[in-house]
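Quick note: the coordinates plus some simple rules give every number you see, no bench work behind them. All values derive from a computational prediction rather than experimental measurement. Virtual Cβ from ideal backbone geometry, glycine too; neighbours counted across all protein chains shown.
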Amino acid sequence: MNSPVTSIKLVLLGEAAVGKSSIVLRFVSNDFSENKEPTIGAAFLTQRVNMGDHTIKFEIWDTAGQERFASLAPMYYRNAQAALVVYDVTKPQSFIKARHWVKELHEQASKDIVIALVGNKLDMIEAGAERKVAREEAENLAQEENLLFFETSAKTGDNVNEVFLGIGQKIPLKT
Ligand code: GDP
């Protein structure tokens, strides 16, 4: 018998170049590219994940983070059940931007949206780059705003699947 399928519309938000498309590429194709072409507008991809006797179908909207497209964002997150708000652990400005996105989602998205705060490019710190966003600072934001929180590397794949599994566990499944 086929397991029940729950579709989850998920959007990605965050400053340009923090690694949103790379996180999706890692999750969907288990792949990584050093010189990815920037996303223009939005890209749509799906990925199925088996969770026990359920299947979750992630319908992923990867929006461009550039400010000139910010006005389009509400169109993407309006009906979303889940959002990844991504920043770069080596770029403080991207964390400030992430705070703005969290605020905007809480004000304007569905009230039961599941949000994961994702600090990406963890591998750069492991390779010797200076960390510019303290883990504790991000954990505090996550606690205050009721977010899931992960630090990831799309490059190595570290913790990427866990983000999506974590979201899947928080969303009520069809029975
Ligand atoms: P987006 O604009 O947020 O979608 O960012 P991209 O996915 O296009 O990534 C921007 C750049 O950062 C690209 O050159 C990627 O190869 C690089 N990148 C993305 N994720 C990581 C990561 O986890 N580690 C490292 N070292 N580079 C990354």
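Points to keep in mind about this one:
- Gyration tensor verdict on the range 125-165 (Cα atoms; rounded if a/c is under 1.5, prolate if a/b is larger than b/c, oblate otherwise): oblate
- Axis of helix 20-29 versus longest Cα principal axis of the chain: the two differ by about 40°, to the nearest ten degrees.
- Nearest 10 degrees, 0 to 90: helix 135-145 Cα axis against the chain principal axis: 50 degrees
- Segment Ser29-Glu107, length gained on full extension (0.36 nm per residue, minus Cα span): 24.8 nm
- Rounded tilt (10° steps) of 160-170 against the dominant C-alpha axis of the chain: 50 degrees
- For the chain, the square roots a ≥ b ≥ c of the C-alpha gyration tensor eigenvalues yield an a/c under 1.5, which makes the shape rounded.
- The trypsin sites (Lys or Arg not before Pro) of the range 68-97 that meet both conditions, a loop assignment by DSSP and at most 14 other Cβ atoms within 10 Å of the site Cβ, are Arg78.
- For the range 5-170, averaging the sequence separation of C-alpha pairs within contact (under 8 Å, six or more residues apart) and dividing by the residue count gives a relative contact order of 26 percent.
- Inter-probe distance in nm under a simple model that places probes 7 Å from Cα toward Cβ, at Ala134 and Ala43: 3.5 nm
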